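Inspection log for the structure reproduced underneath, given as structure tokens.
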Amino acid sequence: MTVDTKKLFNEEIPGALTRRGDEARKIGGKYQLNIGGAGNWTIDLVSNPPTAVEGTATDAAVTIDVADADFQTMVADPSAGMKLFFAGKLKVKGNQMLAMNLTKLFNLLK
């Protein structure tokens with residue numbers, strides 16, 4: 001199943017953060033996601049309310065770089081993230097433990 005990455009980050013995630021802000025803040029952290037071919041987004045799960053905005057943050061605790069095709073793979077199968085990481089297709093800079101918590105954010109969409 002293909003996900004509209006821009007719609008996900010510009011509409012669906014901000015909506016989930018509005019509805020479930022307390023749960024999002026429990027995940028914590030400030031993330032910079034650079035999805036090659038789709039765009040860049042900053043997700044701040046520390047602020048009140050938590051936010052997801054298009055653009056680049058210089059103070060993110062973790063930065064994740066991945067091509068949109070590989071991001072699609074992760075959306076379809078969240079366990080694929082580790083395989084992509086070890087294959088060099090998913091790059092993580094900063095707090096790697098926060099990167100591992102990112103799947104919890106996507107669970108808020110359910």
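Considering only DSSP beta bridges where both residues belong to the chain, give the percentage that are antiparallel (nearest 5).
Numbers: 15 of 21 bridges.
Percentage antiparallel, nearest 5: 70.
Rounded to the nearest 20, the size of the Cβ-charge dipole of the chain about its Cα centre is 280 debye, with Lys and Arg at +1 and Asp and Glu at -1.
If I take every Cα pair under 8 Å that is 6 or more residues apart in the stretch 5-105, average their sequence separation and divide by the length, what percent do I get for the relative contact order? Walk me through the numbers on the way to the answer.
On the way: 167 pairs, mean separation 25.5, N = 101.
After rounding, I find 25 percent.
Angle of helix 96-107 to the longest C-alpha principal axis of the chain, folded into 0 to 90 degrees and rounded to 10: 70°.
What trypsin sites (Lys or Arg not before Pro) does the stretch 1-108 have in DSSP loop regions with at most 12 other beta carbons within 10 Å? Let's see the in-between values first.
Details: sites: Lys6, Lys7, Arg19, Arg20, Arg25, Lys26, Lys30, Lys83, Lys89, Lys91, Lys93, Lys104; in loops: Arg20, Lys89.
For trypsin sites (Lys or Arg not before Pro) across the stretch 1-108 that sit outside H, G, I, E and B with at most 12 neighbouring Cβ atoms in 10 Å, the list is empty.
Less than 13 Å Cβ to Cβ from Val62, Lys/Arg counted +1 and Asp/Glu -1: what total charge do the surrounding residues give?
Numbers: positive: Lys30, Lys91, Lys93; negative: Asp44, Asp59, Asp65.
With Lys, Arg at +1 and Asp, Glu at -1, the net is 0.
Just so you know, all these numbers are worked out from the coordinates, no wet-lab data involved. Everything numeric in this text was worked out from a predicted model, so none of it was measured. Virtual Cβ from ideal backbone geometry, glycine too; neighbours counted across all protein chains shown.
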